[in-house]
Amino acid sequence: MPLPPDPSFVEEKKAVRVPPGLESLSPAARRLLRLYHGGSFVFLGLLWLLVGIPSLWALRADLLRLWQHFTWTGLRYALFYRPSWPTFGLLLCVSFTVGILVAQSRYELFGLYPFERRMLEQQSRWILSLPAWHPLRRWLVCTLDPCQQKPSRLARLPKC
């Protein structure tokens, strides 16, 4: 039979690195920030699905030629000297991808700017002031404290 752990020995937990400035946010503002970050990646995925893949498909002949004999001149010719909608769509997808990745990296490395914190707090207060039936408010309040919800008719939640 194994011995119980010694209560005087406290194992130190690994500290989770929180970006600077995030600890001062309210739970609602933190949840809203997660929504913004998740939404930006969903937008990026949809952009690549709806615009990027058809653009690559339309440029498949030029891309095949570049794959066999790559030169920078061939790339410049395929993308810039024959401008078309597929070229514009591909550049749009690449530029949005780079912009979102740079913004996420800045957030992870340096945290939020003070005006971003204020904006998140104001927007979360505005969402919480919406009527109770509004989907954003229900989502924000529901995820903050699930024990304060009314149980649904189909599934009863345990009492908190």
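Only the coordinates and a few stated rules stand behind these numbers; no lab work does. Owing to the predicted nature of the structure, the values given are computational and were not obtained by experimental measurement. Here Cβ is always computed from backbone atoms with ideal geometry, including for glycine, and neighbour counts include all displayed protein chains.
Worth pointing out:
- When F41, F96 are arranged by Cβ crowding within 10 Å, least crowded first, meaning fewest neighbours, the order is F41, F96.
- In terms of surrounding Cβ atoms within a 10 Å radius of their Cβ, L64, L130 rank from fewest to most as L64, L130.
- By the beta-carbon count within 10 Å of each Cβ, the least crowded to most crowded order of H37, H69, fewest first, is H69, H37.
- Rounded if a/c under 1.5, otherwise prolate or oblate - segment 30-130, Cα gyration tensor axes: prolate
- Rel. contact order, % - alpha carbon contacts under 8 angstrom, at least six apart, segment 30-130: 38
- Cα shape, segment 49-108, gyration tensor, a/c 1.5 rule: prolate
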